[in-house]
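Down below is the structure, laid out as structure tokens.
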Amino acid sequence: MIGNSFSILYSALLSDLKSIDIRNRNISNANNPHYVKEESVLETLGGVGGVIVSNNRRISDEITQRQLLEAQTRYEAFNELNGLIETLAPYFEETGGATLEDYVNNFFQALQDFLREPTNQAAKENLLTKADSLAKLINDRYSLLNRLENEVLNRIPNAIGEINKIAERLARLNKEIAFEYSRTYGESKDYKYLLDQRDQLLSQLAQYVNISYNFDSLGRVEVSIVEGESTASGYIQLVSADGKASSLDFVKDGTNPLNSVVVDQNGTAWKLSFFKNGRLGAYSQAIEFY
């Protein structure tokens, strides 16, 4: 009888300590945007009685989380593309000084003057001067577009590298989640801090591409890159729940940048036009725009 009482008191004490630990974590992480509030789930022990913390539940809205990631992906595409266009804008602004339209008008005016007086040497020299000025302006802008296009193409391998790094970290995290679930199964399943890391990595990945993901019962995640026209076979799998990650590669086509492709681990080539969201989508749109 006394032994049972001590057992009940002991289990109650451990449960209180665990619950206090969880509440303290909630308080200390109140200003951490990547932290999800937790609560302890108590369960009555059969037989001898007493209670234990059987689970550590995260208080989160998965639908809202998915919507936030989708909005983040679209914002990253807009923000990155806007930055690239702003870099280009000063060279094409027609707000001060001689504009492209002025150069074109001056050329055609000089052409008309020359056609009226083909033997007039001054008219001929003026036409050549205006033609040379117009050609130089067009060549300068064409060279600028080529340079900016190459700069964008050079950003893509870095983005692909970051995607691969995040996918690899998610795959490792899936293995850690499975291990910690097994280790803590009998005492509160207190491994939810790993799920905060998982969600943070998903947020980082959404900066680069539009993702679709699913969680299993342990919290491990499967991740794929999808776009609006994705079908059952029209997506790129990045991470599996069993801890495997796919690696992407970028193959640049310097002659026709729009024909550059991203190659997945299965050897399937995905044109840049497939990517429409995140930073990778911004680079695709920028190249098409240039």
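Numbers below:
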item: Candidate lysines for bridging to LYS244, where Cα separation is under 25 Å - those fewer than 8 sequence places away on the same chain excluded; result: LYS165, LYS175, LYS189, LYS192, LYS271
item: Value of D in µm² per second that Stokes-Einstein yields for region 235-281, Kirkwood Rh from Cα pairs, at 37 °C (0.692 mPa s); result: 281 µm²/s
item: 22 Å Cα-Cα reach of LYS124 towards lysines, excluding residues that sit fewer than 8 places from it in its own chain; result: LYS136
item: Solvent-accessible area per residue, Å², over region 94-205 with all protein chains present [probe radius 1.4 Å]; result: 58 Å²
item: Tail weight of P(r) past 18 Å, computed on alpha-carbon pairs of region 135-193, percent; result: 63 percent
item: Fraction of alpha-carbon pairs over 22 Å apart in region 170-260 - percent; result: 39 percent
item: Compactness index (Cα Rg / 2.2 N^0.38 Å), region 66-169; result: 1.77
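The values are calculated or read from the model by the stated rules, or taken from the named source; none is laboratory data. If you're wondering where the values come from, they're calculated on a predicted model, not measured in any experiment. To get the accessible areas, we keep the full protein, side chains included, count just its heavy atoms, and leave off ligands, DNA and RNA. Shrake-Rupley method; radii C 1.70, N 1.55, O 1.52, S 1.80 Å.
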